[in-house]
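The structure under discussion appears below in the form of structure tokens.
Rule-based calculations on the coordinates, nothing more; no lab input. From a predicted model like this one, the values you see are computed outputs, not experimental measurements. Backbone-built Cβ (ideal geometry, glycine too); neighbour counts: all protein chains shown.
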Amino acid sequence: MSNHISTSNVLECSGLQKTFNGNVAVKDVGFHIDAGETYGLLGPNGAGKTTCISMICGILQRDSGDITVCGEPLDIGSVTAKSSIGFVPQDLALYPDLSARENMMFFARLYGLSKTTLRRRVDEVIELVGLTERADDQATEYSGGMKRRLNIGIGLLHEPKLLILDEPTVGVDPQSRNAILESIQRLSSEGMAVLYTTHYMEEAQRLCDRIGIIDRGELRAEGSQRELVSLVGERDKIRLESASGLESASTALRGLNGIVEAAVENEGLSLIVDDARSLLPQIIAKVAESGAVITNVAVTEPDLETVFLHLTGRALRD
């Protein structure tokens, strides 16, 4: 799926294609990311996520397609475009025998940070990723989550315009995962563009402004969670329970704009609606007017799992 997009985006790519030994790994993938936006590539292992970001980072030569970062064309030898990217790979890229501070000093020098900037920036990033108290301990003594946070910090040292993270929470404990997700949310709110690959639905739902669903190398659909749900025709469901008056409540609700279906079943009123969150106050008011007393309300919104199954015909972790 390729898109024609403006060069004002932090990242734009179109028509990305990559084949290995005759097998198509990525087919005609395209999307864009604005400043302050988090874009999620959601798909199972082997879907083509890492191949996509390897091409976007200029690590892997693409067969065809176009990539620009901050308006600069990017290829394997593109120094200017690459300098705007912070890349956090899935495999840890750090020296375990060095401390967090020593790791960051080393990588900061590779990024070309000046002596006046280097120490200040290392201190800032150590604090940002929550490693201040352990900054001078060897990384080999760190937990998996702390190593992940150090890995992310290294990618942030040169203050990139685009941060690319490849499944950064794989194999970490819940506390570390939450700390990592909070850090990414903060960076996005401060204006950084973020490209985030994951196979965890809940991470995509929590972090991402827009999501691209990728499967077998193809971008099947993209948009906000609400847009993706609308795309596959899924609607919200509301169930109301009441001791009496359900029939009159059902009749009253059928005339309300946004209600697709209202039916009394199993001692409750089941509704199919376009947008449960915005309609619920009106629904409750209408039911009260009809004389029914609600004893329980349950709302079910379609999630990304529903969308993914619809688009691909298989569960995310199959």
Problem - Antiparallel DSSP beta bridges within the chain, as percent of all bridges there, nearest 5 - result: 70 percent
Handout entry: Rounded FRET efficiency, nearest 0.05, which uses the C-beta distance separating SER224 from ASP137 and R0 of 25 Å
Key = 0.05
Practice task
Starting with the highest mean, order 87-98, 219-230 by the number of other Cβ atoms within 10 Å, averaged over the residues of each peptide.
Solution key: 219-230, 87-98
Practice task
Please report the orientation-averaged projected area of the stretch 235-301, defined via the convex hull of its C-alpha atoms, in nm².
Solution key: 3.7 nm²
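Within 10 Å of each residue's Cβ, count the other Cβ atoms and sort MET55, MET146 from fewest upward.
Exposure proxy ranking, most exposed first: MET146, MET55.
What ranking of VAL24, VAL29, VAL293, VAL194 emerges when the number of other C-beta atoms within 10 Å of each C-beta is taken as an exposure proxy, fewest first?
VAL293, VAL24, VAL194, VAL29
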Completion exercise
Once the in-chain neighbours fewer than 8 apart are removed, the lysines whose Cα is under 26 Å from LYS286 read LYS237
Problem - Reach of LYS161 by Cα under 18 Å, taken over lysines that are not fewer than 8 positions away in the same chain - result: LYS82
Handout entry: VAL299, VAL260 arranged by Cβ crowding within 10 Å, fewest neighbours leading
Key = VAL260, VAL299
Problem - Label-point gap, in nm, between GLU301 and ASP274 - each point 7 angstrom along Cα→Cβ - result: 1.7 nm
